[in-house]
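Heads up, the thing below is written out as structure tokens.
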Amino acid sequence: NPPIHSQEGTSVLMRENCRAKGGLPGFKVAILGAAGGIGQPLAMLMKMNPLVSVLHLYDVVNTPGVTSDISHMDTGAVVRGFLGKEQLEEALTGMDLVIIPAGVPRKPGMTRDDLFNINAGIVKTLCEGISKCCPKAIVNVISNPVNSTVPIAAEVFKKAGIYDPRRLLGVTMLDVVRANTFVAEVLGLDPREVNVPVVGGHAGVTILPLLSQVKPPCSFTAEETEYLTSRIQNGGTEVVEAKAGAGSATLSMAYAAVKFADACLRGLRGDAGVVECAFVSSQVTELPFFATRVRLGRKGVEEIFPLGPLNEYERAGLEKAKKELAGSIEKGVAFARK
Ligand code: NAD
Ligand code: LMR
């Protein structure tokens, strides 16, 4: 089946071949769930990324319109749209990076785990497609609950015999983006100058900001620590409540997803010193998955950094985080194995 909407034409194909021949950096990226609240601004921002030569937009609805719209942007990436499961394989073939924001978002009163019943199956099906069509791609999982959907993806890849833990990353970048913003506010700094490691997972108490390791070095009162930790852990809920039934964070998430995808692509290109936080297969704790700072390279996650020195408040937070994470990971594994 031809893609339902594309910019196919001699000049576009020439441009694509020319990039490939000239060895210009140009990666092929697919967004699964590209017509959604995150998917649309994410697609727009990825179309603006000079590291992207081909952008595939896949969804079960509305990709013709989104693709037509985005394809008019005068940036380098060639955009193609794919609609419905019969076009999933074509959307995935040859991709270097696959970003997954497909699935339902929260409404007020729900936890991320309440999304499990719908999103687990969606992520499983999409990862089966990845196993078949682009088994060497780096995969960025955004769909919630990330603490369970990443273990589901790992099990699907294991079953297909293509699992490489270095290539599977749960996106926790929004927690870092929020932490940088809220900490900068308290310190009276420009958020671009602030870097807060956020470890653990991506739900409630599993989101553990390490305020003792903020760069530039600084200190907080007990009240500031309590306020910042709680605000960062509840940032998602803050947006869900403000949107009052119209979904969860989409714009800040698209920004965070692009920041993270760009880091993955710079790693693939061979740039040195690309370090971000992500939820990955890990031996940093006794749990099989954990978010920490990781170094990204040509093979994906090339180094996982230890937690570093924690203060008493953070050590207590770590114990709470691990307890909840263990159950969420186990739930994902059990779902994928059944
Ligand atoms: P949305 O409902 O606006 O968009 C989801 C899109 O997924 C829709 O276009 C829908 O058609 C599509 N979709 C559904 N089933 C699909 C399938 N089988 N294949 C392909 N596409 C499919 O939701 P949203 O606001 O974009 O949020 C998407 C997900 O991202 C939610 O699960 C949300 O909780 C999660 N999220 C995660 C983070 C994070 O930090 N990791 C942040 C925000 C949102
Ligand atoms: C977020 O942190 O904004 C997302 O995980 C969406 C949500 O449900 O809170």
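Just so you know, all these numbers are worked out from the coordinates, no wet-lab data involved. Owing to the predicted nature of the structure, the values given are computational and were not obtained by experimental measurement. Virtual Cβ from ideal backbone geometry, glycine too; neighbours counted across all protein chains shown.
Descriptive notes on the structure:
- Whole-number D in µm²/s for segment 201-294 (Stokes-Einstein; Kirkwood sum over Cα pairs; 10 °C, 1.306 mPa s): 102
- Candidate aspartates and glutamates - alpha carbon under 13 Å from Lys299, same-chain residues fewer than 8 apart omitted: Asp96, Asp164, Asp271
- What you get for the chain, charging only the Cβ of Lys and Arg (+1) and of Asp and Glu (-1), is a dipole of about 900 debye around the Cα centre.
- Top of Thr181, Thr67, Thr285 by mean-square fluctuation, Gaussian network on the chain, Cα under 10 Å: Thr285
- Between the residues Val98, Ile118, Ile38, the greatest Cα displacement towards the positive end of the dipole of the chain, with unit charges on the Cβ of Lys, Arg, Asp and Glu, is found for Val98.
- Of the Cα atoms belonging to segment 71-164, the radius of gyration and Dmax stand at 14.5, 42 Å.
- Radius of gyration and Dmax over the Cα atoms of segment 276-332, both given in Å: 12.2, 37
- Cross-link pairs Lys132/Lys215; Lys47/Lys243; Lys85/Lys322; Lys132/Lys243 - those with Cα-Cα distance over 32 Å: Lys132/Lys215; Lys85/Lys322; Lys132/Lys243
- Choice from Ser53, Ser143, Ser252 showing the highest fluctuation, given a GNM over the chain with Cα pairs closer than 10 Å: Ser252
- Degrees between helix 10-22 axis and first principal axis of the chain (Cα, 0 to 90, nearest 10): 60
- Relative contact order, percent, the chain [alpha-carbon distance under 8 Å, six or more residues apart]: 17
- Cβ charges +1 (Lys, Arg) and -1 (Asp, Glu), total dipole of segment 119-214, debye: 520
- Between helix 116-133 and the chain: long-axis angle, C-alpha atoms, 0 to 90°, nearest 10: 50
- Selected from His202, His72, His56 as most flexible by GNM, with the chain as the system and alpha-carbon contacts under 10 Å: His72
- Considering helices alone, the calculated mean residue ellipticity of the chain at 222 nm is -14000 deg cm²/dmol, with DSSP H runs of length four and up weighted by -39500 (n - 2.57) and normalised per residue.
- Modelled FRET efficiency - R0 30 Å, Arg298 with Leu251, Cβ distances, 0.05 increments: 0.45
- When Tyr227, Tyr58, Tyr255 are sorted by how many other C-beta atoms sit within 10 angstrom of their C-beta, beginning with the fewest, the order is Tyr227, Tyr255, Tyr58.
- Potential extension, Arg192-Glu226 segment - 0.36 nm per residue separation minus Cα distance: 10.0 nm
- Of the GluC sites (Glu not before Pro) in segment 227-321, those whose Cβ has at most 11 other Cβ within 10 Å and which sit in DSSP loop: Glu286
- Extension gain for Thr75-Glu128 works out to 15.9 nm (0.36 nm per residue, less the C-alpha to C-alpha distance).
- Toward the positive end of the charge dipole of segment 132-196, with +1 on the Cβ of Lys and Arg and -1 on the Cβ of Asp and Glu, the farthest Cα among Cys133, Val146, Asn195 is that of Cys133.
- Cross-link reach is defined here as a Cα-Cα straight distance under 16 Å, omitting same-chain residues fewer than 8 places apart; for Lys338 the lysines meeting it are Lys124, Lys158, Lys159.
- The Rg/Rh ratio for segment 187-241, using Cα coordinates for both the radius of gyration and the Kirkwood hydrodynamic radius, is 0.97.
- Each part reduced to its alpha carbon centroid, segment 212-266 and segment 152-169 end up 27 Å apart.
- By the Stokes-Einstein formula, at 1.306 mPa s and 10 °C, the chain with its Kirkwood radius over alpha-carbon pairs has D equal to 79 µm²/s.
- Cα centroid separation - segment 288-325 against segment 39-58, whole Å: 29
- Cubic angstrom per residue, convex hull over Cα atoms of segment 129-207: 100
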